[in-house]
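Take a look at the structure below.
The values are calculated or read from the model by the stated rules, or taken from the named source; none is laboratory data. Here the structure is a predicted model, which means the values were calculated and not measured. When we count neighbours, we look across all protein chains shown, and the Cβ atoms used for this are built from the backbone with ideal geometry, even at glycine. SASA here: full protein model, heavy atoms, side chains in, ligands and nucleic acids out. Shrake-Rupley method; radii C 1.70, N 1.55, O 1.52, S 1.80 Å.
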Amino acid sequence: MELIILSGRSGSGKSTALHQLEDEGFYAIDNLPVSLLPELVRELSQSPLKVHQQVAVCIDARNSPGELARFKSLCDEVKKHARLRIVFLDAGDDKLIKRFSETRRRHPLTTDSLPLADAIKLETALLEPIVVEASLAIDSSDMTVHELRAAIRDRILGVDASKLAIQLKSFGFKRGLPIDADLVYDLRMLPNPHWREELRAFTGQDAEVQNYLSSQEDVRLMHDHILQYLQHWLPKIEASNRSYFTVAIGCTGGQHRSVYMVETLAKALRTAYPDLQVRHRELQ
């Protein structure tokens, strides 16, 4: 059987992700005590019902600290009976606070003496054992509900689970590093089309910017160096049983250089990795 464990900080979209998996045919269980995971899997792995062969479970910080600390050992038990994937959803602290403020929902860890910001910090510490074991992190900071549902479809269900699912992501440093990045490249030292007035309104997906950047020697060198690194190391990462890998490529604003680099690298890598996914954080 296949088991997907969903976790993440409150407000990051766990319920939306679980509902999407349920719509895709998974047997979905919300807020399961983490200590029950091995027993659940043992029971369902022996079930004759087809619906029990794909299971999605949501686990949050309302478990006791002691049970969360045992997460790795519990997962080791689960792996004896099921193929396990662990997905952690998160968003920036400011985004989480804004979401709770807008919806007027109460954070599950807040009390009269523990305000929202402190509850978020406590939740971060409690969920660390799950973060360490997660095979995929999804940053929902800038996603709508529909975009998060699409990300769940694409990142979890859209590729062969036995292969390495690679995502190339462009971003702007002025808005911070992507939470889900496994590898980060900084392109801020390269020539910037922003300072050419005739190129400023375009993006790295437009021919005007592409022609300019492809004519720059440093840009070509950076492209070749990144491509050589990925072509050498991605097969080794895949061989180490990694399920997901996100390469984040950043420039100042995330509009020109990083977008161009992601597009050109994706074109070069898709022969070997046809399911490779591209996301331009700032353009979306």
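Some notes on this structure:
- Set Ala28, Ala61, Ala56: member being in contact (Cβ under 8 Å) with a residue 60 or more places away in the chain and open to solvent by less than 40 Å² (accessible area, probe 1.4 Å): Ala61
Residues are listed down the side, and each one gets a yes or a no for (1) touching a strand residue (DSSP E or B) at 6+ places or on another chain (Cβ under 6 Å); (2) surrounded by 14 or more Cβ atoms within 10 Å (Cβ to Cβ); (3) not charged (D, E, K, R):
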position: Phe100; (1), (2), (3): no, yes, yes
position: Ala125; (1), (2), (3): no, no, yes
position: Glu128; (1), (2), (3): no, no, no
position: Glu133; (1), (2), (3): yes, yes, no
position: Leu136; (1), (2), (3): yes, yes, yes
position: Ser140; (1), (2), (3): yes, yes, yes
position: Thr144; (1), (2), (3): no, no, yes
position: Ser170; (1), (2), (3): yes, yes, yes
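- Applying the criterion of being among the hydrophobic types (A, V, I, L, M, F, W, C) and more than 20 Å from Ile179 (Cβ to Cβ) to the residues of the stretch 243-275, the residue that is surrounded by the most Cβ atoms within 10 Å (Cβ to Cβ) is Met261.
- Flag for Ala165 being under 18 Å from Asn241 (Cα atoms) and modelled with pLDDT under 90: yes
- Within the option set Arg85, Arg155, being open to solvent by less than 30 Å² (accessible area, probe 1.4 Å), touching a strand residue (DSSP E or B) at 6+ places or on another chain (Cβ under 7 Å), in a helix (DSSP H, G or I) and not small (Gly, Ala, Ser) holds for one residue only, Arg155.
- Any hit, the stretch 218-234, residues being part of a helix (DSSP H, G or I) and touching a His at 6+ places or on another chain (Cβ under 7 Å): no
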